[in-house]
Amino acid sequence: MRPFAFQEEAWQHIVHGRSGVVNAPTGCGKTFSVFLGALINFINAHPDDYKTRSKNGLQLLWITPLRALAKDIGRAMEEVITELGMQWKVGIRNGDTDIAERQKQKRQMPEALIITPESLHLLLAQKGYPQLFQSLRIIAVDEWHELLGSKRGVQVELAVSRIVNVQRQRSNRQPAVWGISATIGNLDQAREVLLAPLGTKGELVKANIRKDIVLESILPDEIEKYPWAGHLGLKLVHKVIPIIQNSRTTLIFINTRGMSETWYQSLLTAAPDLAGAIALHHGSIEQELRIWVEEALHAAKLKAVVCTASLDLGVDFRPVETVIQVGSPKGVARFLQRAGRSGHRPDEVSKIYFLPTHSLELVEAAALKNAIEENFIESREPMLLCFDVLIQYLSTLAISEGFIPEELFPELKSTYCYRDMTEEEWGQILQFITAGGTALQQYDEFRKIEIIDGVYRITSRRIAMRHRMHIGTIVSEAMMKVKFVSGGFIGVIEEWFISRLSPGEVFTLAGRNLELVAIKDMTALVRKSNAKKSIVPSWQGGRMPLSANLGKKLREKFNEAFEKKYRFANTTNQPERGFDIELQVLQPLFKLQEELSHVPRANELLIEQIETKDGFHLFVYPFEGRLVHEAMAAILAYRISRITPITFSFAMNDYGFELLSDQPIPVDDSNVYELFTADDLLSDIQRSVNSTEMAKRKFRDIAVIGGLIFQGYPGEQKKARHLQSSASLLFNVFSEYEPHNLLLRQSYQEVFDQQMEEVRLRQMLQRIQSSKIVITFPQQLTPFCFPIKVDSMRENLTSEKLEDRVRRMQAQLDR
Amino acid sequence: MRCARFPAPAFPPYICTMLVPTPYKLMQQQLWLSADRCIFWEEEKTLIVSDLHFGKTGHFRKYGIAVPQSVYKNDLQRLVHQLQYFQPKKLIVVGDLFHSSENKELQLFCKWRNDFPSLEIHLVKGNHDILHEDWYREAGICVWDEELSVPPFHFRHDLGEAAPISGRYLFSGHIHPGVRIKGMGKQSLCLPCFYFAQNFCVLPAFSEFTGTARIDPENGDAVFAIVEKKLVQLQ
């Protein structure tokens, strides 16, 4: 097979000892672009005896986010090694690696080691780790686009900085670092983040292989009869059956676990003969069952799998020919990734169907086509100043070799994540891990990191052992096992969901209706139920907001629908060429929207004021995603309430938001630009958004990663019980007694950056300032506002004091 | 721009304010409920508290979990204020006076204990009270294994399956009761509370380093929620 041009380019760079990022779609040999480079390097260094040389020590460190990928990659590497007649060994190290294998690796490192970020940090927690990395030539980071933007990415940054400096200190060399990434909007930044500790800019190698993607929308027969929202697209289930039947294997992507349960049931009801040939795959299903589904997919034993983001990543399933996306994919990158799950080979076409859950979503299909054509893909924002990860990392180093703060600080500052860390913050962190914050001097026994001759170390075996078990940044919800009374494990479910059910109530999990019998020893005991009605858990995850890129394309498509509609109406009834089919079928809806109100153009912001028997509604359509809308709704409500005392309830979706009040809302041409100003944004956010509640939710992960929450470990449960506390309790205690704690501040920062997407919020306001605001007064609800009404997720804005709120609420005492 | 640090809201420093307690009549006895999570029983000149969990922050810190110790300091101070305000002769602890095994924080307690030599302390053992009996004796604490009876009241840590005793009203702790208050939409709060049912009551946990477990009051029960250092009767 002839190598691709990008592979040869990458090999050239590697041979010359350069670092960089390779950008290539999956299935195009991106693994080999770096792996073969490492081999060529080795052959060049030992031209005479490269075939016989063994026990060379670690040469290539291959970091991958997915355990499941390790085996496949390892196998592929071994094939090449055998073909070349070399003696290299390939090792795998992750949570599944047994102790014997780990011991073997400790005695003699394989030449190539495939590892997860977590296991790499565990390696750094071993005494003598610097020795392991002396011979290392290349650090490769696979799926870097996945890691970037997460705390696991920060773990990679830290590990790279450590390994690079270990070599520099000992032998004045440094390894090359190569990232492998799918296309994202900020590839240059991705490279900058990864290579920051090296102090070099590095290369960017692009594959430029275009993958053909065919997108087809599943259109409802009659657009007017189609429910405007809230039916999960289930009415179109009959159109899905023939697609499944005509394809070898189909993956059906559903956005939430709850919806995937419902879809699985509906498919079985609509086509009973599919029983046994379709399966369900999501994060709450027992792992063994998930593995079985994955294996059955490989073996082409299944016609279809209903899945969530749980199948977004991972190994390729060759038999998959077709993908169906139900509902908005929320982003271009995610849609492309899912489309890429079908027709995996470079020359094959990826076929993806889009099934809308409400008719307006059809515009998204048109927007996606356009975005794919223009390669308008979202960026992954790297995380900054994650003090929780840093605290974990410092403990990791303190277990193995210890660290000297003066030496470590510049090394940390060389990473992208911590380059803006101040000396003051560094001092606070050191104080926190050695003295434990505020203490009562002689009555304190805080013990974690000790300073011995200037070196920061953990000497307690117990603390060291516990820390090793807690290394990692993926924090899962408290889960409860679900088992049949008669025995037999079904899966796991969030504890909070079960705690809201009483025995006798029926819920759905793993495609089955189950009646809760009792809760015992952290296990929910259930029996099969034939009840018609059941509660489908609404999992909190999966509520991704619409991306900024997709939002922009959406606004453009509305513009197009608006402009073409006129040409369309004025000339013939023949649809114009190049006019998206989705926009064509939506014409009746746009017509109604235009009659009742207005279809906004790309440079317009539409505001609708409607009076119904419920009260006075104000609908705003920025198309900026749920999170930005949530924050904007609160800010707008606050700003209006400064004009006149008024109370609102909110609702929002990815397209817009609603304010509802029992009195007229004073928004008109005279004040609307002022209400949407970006001035005083920060202080208005603080006054309007309940950031404390949001921060409390963020604090849970931070507290676990930062080692404040002790999750216990086998064999010591009894003792551990006295060490248990909830994140919200800790949050309250820190808020009251140590408000300047860095981890507490980080939780507010994360709310600000991620929950409210402050940057995007500000950009939206700036965009609105330079666009035309159109206010209409429709006589009835419009097609645009309907999905918001149905989705309504209400939150009250009150400026009353907590106490008054309690008094007012007491009448509604929940029981 | 890149690293704009978002300021966390400033929390006011804790101020030890003493608000007028709420009177409550029970079995012809005069009780005073304090928002500082305790009850003064006037006839017996007794202060009733539960779930103080002294030594909890120290226990966490010993294991490397940096909980601010000022929570404990403040808990002790609050107790002092209650003792100074009500001037009781007796302190009845309905279980979980200490959180775990001995640590230095308990030395601070002993020092504190010496400042109140005339105060009788009665501890009805809770599941967390695992210290050796000698320790309690030396600290001048009278320990009751299961329950303590001071007519017309009865004290027991865990309400559990305890059978009602006729003519006696049962005081318990253990569960750290909280009451959920729900408004329109998604608003909801869980506040620590005093919970008075027909023939028993559950005391709030005295320590601020404790969570809450939601209770389901019935009609006719009295519930006092603790809202920002004030008591609010909910029903």
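The values are calculated or read from the model by the stated rules, or taken from the named source; none is laboratory data. The shown structure was predicted, so the numbers you read here are calculated from the model rather than taken from an experiment. As a convention, Cβ positions derive from the backbone with ideal geometry for all residues, glycine included, and neighbour counts pool all protein chains shown. Heads up: the accessible areas ignore ligands, DNA and RNA and are worked out on the full protein's heavy atoms, side chains in. Shrake-Rupley method; radii C 1.70, N 1.55, O 1.52, S 1.80 Å.
Numbers below:
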read-out	value
Per-residue ³J(HN,Hα) for region A:407-414, Karplus 6.51 cos²θ - 1.76 cosθ + 1.60, θ = phi - 60°, Hz, x for Gly and Pro	7, 6, 4, x, 5, 5, 5, 6
Sites A:Ile43 and A:Gln769, calculated FRET efficiency, Cβ-Cβ separation with R0 60 Å, nearest 0.05	0.50
Label-point separation in nm, A:Ser726 to B:Glu218, each point 7 Å along Cα→Cβ	2.5 nm
Peptide-level mean, for B:53-61, of C-beta atoms on other protein chains within 10 Å	5
Per residue, in Å², the accessible surface of region B:164-235 once ligands and nucleic acids are set aside, probe 1.4 Å	40 Å²
Table column - 3J(HN,Hα) (Hz), region A:434-447, Karplus curve with 6.51, -1.76, 1.60, x for Gly and Pro	9, 10, x, x, 5, 9, 9, 4, 6, 9, 9, 10, 4, 8
With every protein chain in place, chain B: carbon and sulfur % of accessible area (1.4 Å)	51 percent
Distant-in-sequence amide H partners of A:Leu355 (H built 1.01 Å from N, under 5 Å)	A:Ile218, A:Gln325, A:Val326, A:Gly327
Cβ-placed point charges (K, R +1; D, E -1), dipole of chain A about Cα centre in debye, nearest 20	2320 debye
For A:Ile458, distant residues with modelled amide H under 5 Å away	A:Ile399, A:Glu450
Shielding score for B:69-82, defined as the mean number of other chain Cβ atoms within 10 Å	3
Alpha-carbon centroids, region A:407-479 and region A:40-89: separation in whole Å	36 Å
Area accessible to solvent at B:Cys110, 1.4 Å probe radius, in Å²	40 Å²
Residue-wise HN-Hα coupling along region A:194-201, computed from phi with Karplus coefficients 6.51, -1.76, 1.60 (Hz; x: Gly, Pro)	5, 8, 3, x, 7, x, 10, 6
Filter on A:Lys552/A:Lys772; A:Lys483/A:Lys528; A:Lys239/A:Lys552; A:Lys448/B:Lys56; A:Lys591/A:Lys772 - keep pairs with C-alpha separation over 19 Å	A:Lys239/A:Lys552; A:Lys591/A:Lys772
Of all accessible heavy-atom area on region A:23-106, the percent that carbon and sulfur account for (1.4 Å)	50 percent
Pairwise Lys count, region B:101-235 - Cα closer than 22 Å, eight or more residues apart or different chains	4
Selection from A:Ala300, B:Cys38, A:Ala524, by position along the positive dipole direction of the protein assembly as shown (Cβ)	A:Ala300
B versus A: buried accessible surface, summed, Å² (probe 1.4 Å, to nearest 100)	6300 Å²
Length released on extending from A:Glu374 to A:Ala277, taking residue separation times 0.36 nm less the Cα-Cα span	31.2 nm
Accessible area (Å², per residue) of chain A, counting only protein heavy atoms and a probe of 1.4 Å	42 Å²
Antiparallel DSSP beta bridges within the protein assembly as shown, as percent of all bridges there, nearest 5	45 percent
Spacing of the two label points (7 Å from each Cα toward its C-beta) at A:Thr612 and A:Ile452, in nm	6.9 nm
Residue-span extension gain [A:Asp753 to A:Glu495] - 0.36 nm each, minus C-alpha spacing	90.1 nm
Between region A:577-642 and region A:157-187, the Cα center-to-center distance that results, in Å	47 Å
Furthest towards positive pole of dipole, A:Ala633, A:Gly202, A:Tyr655, structure part the protein assembly as shown, Cβ charges	A:Gly202
Simple spin-label estimate for A:Val517 and B:Lys25 in nanometres, 7 Å along Cα-Cβ	5.1 nm
Residue mean of other protein chain beta carbons inside 10 Å, A:727-737	5
Accessible-area composition of region A:657-708, carbon plus sulfur, in percent [1.4 Å probe]	43 percent
Sequence ranges B:203-216, A:609-622, A:209-222, ranked by mean other-Cβ count within 10 angstrom, highest first	B:203-216, A:609-622, A:209-222
Förster-model FRET efficiency, 51 Å R0, A:Gln87 and A:Gln189, C-beta, rounded to 0.05	0.80
For the protein assembly as shown, with +1 on Lys and Arg beta carbons and -1 on Asp and Glu, the positive-most of A:Gly454, A:Ile218, B:Ala222 along the dipole	A:Gly454
Buried on assembly, region A:667-709 (at least 50 Å² less accessible surface than by itself, 1.4 Å probe)	A:Gln686
By average C-beta atoms within 10 angstrom, highest first, the peptides A:649-657, B:151-159	A:649-657, B:151-159
